Amino acid sequence: QTEFTGELLLTDKGLTGGGALDWDEAKLTSKLINFRTNELESDTASLEIKALAGAGDKVSIRTPNVYAKVDFEERFGNFKANTADIPTEFDYNQYKIAINEFDWDIDAKTLEFRAPEDSEGAPFESTRDDQYGLPFLGMKAQYDLVTSIMDIEGVKERQVADGVVIPHEGKVTID
């Protein structure tokens with residue numbers, strides 16, 4: 001079940017709308033959403049994935065300016081950044097990443113992020129003041145919405161103060 005706040009237009013070509021679509025797991029906001037029987041699609045949307053039940057109205061993840069396609073029957077979403085370096089913010093982990101594409105398995109409560117294959121990786125950066133950013137590049141990441149653990153692969157190195165840490169097998173975990 002979802003709740004839509006905004007304007008809807010029904011024509012012989014289908015149902016479109018502009019506003020906010022709110023459901024148990026997330027809230028998607030867009031000026032133009034194309035609705036189908038069990039899915040939606042928007043060229044430009046912002047997405048907030050909510051913290052799990054019992055956390056009130058807290059948001060776990062927020063990402064602006066993405067192409068969004070959500071299939072409510074398959075319980076799956078695909079999102080692609082409309083411009084380079086769109087930050088996806090992880091409130092609980094106090095991290096942000098600029099990765100161009102991710103998939104959301106709604107029932108498994110996981111997000112799969114992918115950097116472009118022809119790149120050196122996407123930037124990951126701490127938002128905690130006392131960590132001074134702790135930036136590094138990663139090729140892909142899996143985020144578990146239940147545990148809030150992010151496993152990142154394809155990390156060549158990570159600057160820490162005046163040194164460089166080279167992760168074992170290129171893997172980093174953020175709790």
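The values are calculated or read from the model by the stated rules, or taken from the named source; none is laboratory data. Nothing here was measured: the structure is a model prediction, and the numbers come from that model. A quick note on method: Cβ atoms are made from the backbone with ideal geometry, for glycine too, and the neighbour counts reach across all protein chains shown. Heads up: the accessible areas ignore ligands, DNA and RNA and are worked out on the full protein's heavy atoms, side chains in. Shrake-Rupley method; radii C 1.70, N 1.55, O 1.52, S 1.80 Å.
How do the pairs read when you match residues in region 91-111 that are in contact (Cβ under 8 Å) with a residue 60 or more places away in the chain with residues anywhere that are open to solvent by 50 Å² or more (accessible area, probe 1.4 Å) and not small (G, A, S), using Cβ under 6 Å and keeping only pairs 6 or more apart or on different chains?
Pairs that qualify, where the first residue is in contact (Cβ under 8 Å) with a residue 60 or more places away in the chain and the partner is open to solvent by 50 Å² or more (accessible area, probe 1.4 Å) and not small (G, A, S), are I106/R75.
Hey, G19 hits all of (1) at pLDDT 85 or above; (2) under 23 Å from P135 (Cα atoms); (3) small (G, A, S) but one; which does it fall short on?
(2)
Every residue in region 121-163 that is among the hydrophobic types (A, V, I, L, M, F, W, C) and touching a strand residue (DSSP E or B) at 6+ places or on another chain (Cβ under 7 Å), please.
Of everything in region 121-163, those that are among the hydrophobic types (A, V, I, L, M, F, W, C) and touching a strand residue (DSSP E or B) at 6+ places or on another chain (Cβ under 7 Å) turn out to be A122, F124, L134, F136, L137, M139, A141, L145, I149, M150, I152, V155.
Of the conditions (1) among the aliphatic types (A, V, I, L, M); (2) touching an Asp or Glu at 6+ places or on another chain (Cβ under 8 Å); (3) closer than 18 Å to S46 by Cα; (4) open to solvent by 70 Å² or more (accessible area, probe 1.4 Å), V164 clears all except one; give me its number.
Of the numbered conditions (1) among the aliphatic types (A, V, I, L, M); (2) touching an Asp or Glu at 6+ places or on another chain (Cβ under 8 Å); (3) closer than 18 Å to S46 by Cα; (4) open to solvent by 70 Å² or more (accessible area, probe 1.4 Å), the odd one out for V164 is (3).
Do you know which of the residues in region 86-105 that are charged (D, E, K, R) and not in a loop (DSSP other than H, G, I, E, B) is least open to solvent (accessible area, probe 1.4 Å)?
D103
If I ask for residues that are part of a strand (DSSP E or B) and either more than 21 Å from T110 (Cα to Cα) or touching a Gly at 6+ places or on another chain (Cβ under 6 Å) (or both), which ones from region 154-175 would you list?
Result: R158, Q159, V160, G163, V164, V165.
Taking the condition assigned to a loop (DSSP other than H, G, I, E, B) and at pLDDT 95 or above, does E41 pass?
It is false that E41 is assigned to a loop (DSSP other than H, G, I, E, B) and at pLDDT 95 or above.
Name the residues in region 1-55 that are of a type in the set (F, W, Y) and open to solvent by 50 Å² or more (accessible area, probe 1.4 Å), would you?
F4
Could you list, in sequence order, the residues of region 66-85 that are of a type outside the set (A, V, I, L, M, F, W, C) and either under 11 Å from the mean Cα position of the chain (by Cα) or surrounded by 15 or more Cβ atoms within 10 Å (Cβ to Cβ) (or both)?
The answer is Y67, K69, D71, G77, N78, K80.
Would a scan of region 98-108 turn up a residue that is of a type in the set (V, I, T), within 22 Å of W23 (Cβ to Cβ) and within 10 Å of the chain's Cα centre (by Cα)?
Within region 98-108, none of the residues are of a type in the set (V, I, T), within 22 Å of W23 (Cβ to Cβ) and within 10 Å of the chain's Cα centre (by Cα).
Answer yes or no: is there a residue in region 124-144 that is open to solvent by 80 Å² or more (accessible area, probe 1.4 Å), without any contact (Cβ under 8 Å) to a residue 24 or more places away in the chain and in a loop (DSSP other than H, G, I, E, B).
Yes, region 124-144 contains a residue that is open to solvent by 80 Å² or more (accessible area, probe 1.4 Å), without any contact (Cβ under 8 Å) to a residue 24 or more places away in the chain and in a loop (DSSP other than H, G, I, E, B).
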